Amino acid sequence: MKRRSFLKSTAMVTAASAVAPNIIMAKEFSLKDTREFYELRVYTLRDFDQQKQVLNYFSDALIPALGRLGAGPVGVFTELKPTGQTKLYALIPYGSLDNMLTIQDKLATDVVYLQAADAYLNAPAADPAYDRIDSSLLKAFANMPKMQVPEKKPRIFELRRYEHATEGAGKKKLEMFNDAGEIDIFKKLGFNPVFFGETLIGPLRPNLTYMITFDDMAAHDAHWKAFGGDPAWKKVSAIPDYADAKLVSKITSIIMMPEECSQI
């Protein structure tokens, strides 16, 4: 009996050992799976007529269709002080890559959407709805896996992109945001971050992109001044491995306003 008990116990331990790594992997996968993916579109527009046509597409066709499919909220923005004709920025969240692909397939067969979007989708070559679209696919940061939609009131948004000289530098900057507490500093100081995303596919890689929001430009300037003097930020930024000179080769900042159709 003792021998049978021993063999039974050994078998149970062996089985548990075999299953445990799978459980751990499943947990890790489920944690990763909670992170959203974002499509960031940048429309280059020739004139106001194109701007109006793209905005009509979002307000009358795409945003309602995505809502029917359970997707959103969708952000649609134009530049606060454009140089020449404004660009239009659209931020579309997806629960997963499968969710994104499923939605694209459903849009292709959504009669209501296709009818509402016809002028945009089938604009003549001589009079297109836009000049170009630059699209990027971003993955939410681990420490902010979901988009946070700010209170609906008059406000401005800042879209910031940090470019890196190498992928290694990009991963180190991600570590700085996630593990060293940079995201927490933004939240503590009232930057109201909307999202943080690592660019998986898109131009100017490697880079990360995030969006923060303010009541106005005076609040924007005051918040960034407070950030620079924050003791927690000074402590993090003083770590040699996190020096900007090592991790960030270029910063691009775009100040934007939400359009009427924007859900963010």
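The values are calculated or read from the model by the stated rules, or taken from the named source; none is laboratory data. Only a predicted model underlies this, so the values are computations on that prediction, with no experimental measurement involved. Cβ sites come from the backbone with ideal geometry, for glycine too, and all protein chains shown count toward neighbours. These accessible areas exclude ligands, DNA and RNA; they are computed on the full protein's heavy atoms, side chains included. Shrake-Rupley method; radii C 1.70, N 1.55, O 1.52, S 1.80 Å.
Going by the alpha-carbon gyration tensor, a ≥ b ≥ c the square roots of its eigenvalues, is the range 50-196 rounded (a/c under 1.5) or, if a/c is not under 1.5, prolate (a/b greater than b/c) versus oblate?
Prolate, since a/c reaches 1.5 and a/b exceeds b/c.
List the lysines whose Cα lies under 24 Å from the Cα of Lys52, skipping any in the same chain that are fewer than 8 positions away.
Lys81, Lys87, Lys152, Lys153
Just the number please: accessible area per residue for the chain, 1.4 Å probe, all protein chains included, in Å². Don't skip to the answer; put the middle values down first.
Values: 14390 Å² over 264 residues.
Result: 55 Å² per residue.
In whole percent, and with a 1.4 Å probe on the protein chains, what portion of the accessible area of the chain is carbon and sulfur?
That fraction is 57 percent.
Whole angstrom only: what separates the Cα centroid of the range 86-164 from the Cα centroid of the range 192-224?
The distance from the Cα centre of the range 86-164 to that of the range 192-224 comes to 16 Å.
What GluC sites (Glu not before Pro) does the range 158-264 have in DSSP loop regions with at most 14 other beta carbons within 10 Å?
The qualifying sites are Glu260.
In percent, how large is the relative contact order of the range 54-115, given Cα pairs closer than 8 Å and 6 or more residues apart?
31 percent
About the Cα centre of the chain, what is the dipole size in debye to 20, counting +1 per Lys and Arg Cβ and -1 per Asp and Glu Cβ, all else neutral? List each step's numbers first, then the result.
Values: 33 positive and 32 negative charges, 321 e Å.
Around 1540 debye, computed over the chain.
For every other residue with a beta carbon closer than 13 angstrom to the beta carbon of Gly67, add +1 if it is Lys or Arg and -1 if Asp or Glu, then tell me the sum.
For residues surrounding Gly67, the net value is 0.
Hydropathy first: keep DSSP H helices in the chain averaging at least -0.5 on Kyte-Doolittle, then drop any whose Cα extent along the axis falls short of 20 Å, and list what survives.
Helices meeting the span and hydropathy rule in the chain are 2-33.
Over the chain, what is the relative contact order in whole percent, taking alpha-carbon pairs under 8 Å and six or more residues apart?
25 percent
Please work out how much length the chain gains when fully extended from Ala108 to Ala232, using 0.36 nm per residue of separation minus the C-alpha to C-alpha distance, in nm with one decimal.
So the extension gain works out to 39.8 nm.
Out of the range 182-264, which chymotrypsin sites (Phe, Trp or Tyr not before Pro) are coil in DSSP terms and have no more than 16 other C-beta atoms within 10 Å?
Numbers: sites: Phe186, Phe191, Phe195, Phe196, Tyr210, Phe214, Trp224, Phe227, Trp233, Tyr242; in loops: Phe191.
When the chymotrypsin sites (Phe, Trp or Tyr not before Pro) of the range 182-264 are filtered for loop state and at most 16 Cβ neighbours within 10 Å, nothing remains.
Report the full-extension gain for the segment Lys152 to Asp118: residue separation times 0.36 nm, less the Cα-Cα distance, to one decimal in nm.
9.2 nm
When Kirkwood radius over Cα pairs in Å is calculated directly from the model, which label among [x] 18.2; [y] 20.9; [z] 22.1 fits?
Looking at Kirkwood radius over Cα pairs in Å for this model, the match is [y].
Give, in nm to one decimal, the length gained when the segment between Leu97 and Ser59 is fully stretched (0.36 nm per residue of separation minus the Cα-Cα distance). Can you show the working numbers first?
Details: separation 38, 0.36 × 38 = 13.68 nm, distance 2.41 nm.
Length gained, Leu97 through Ser59: 11.3 nm.
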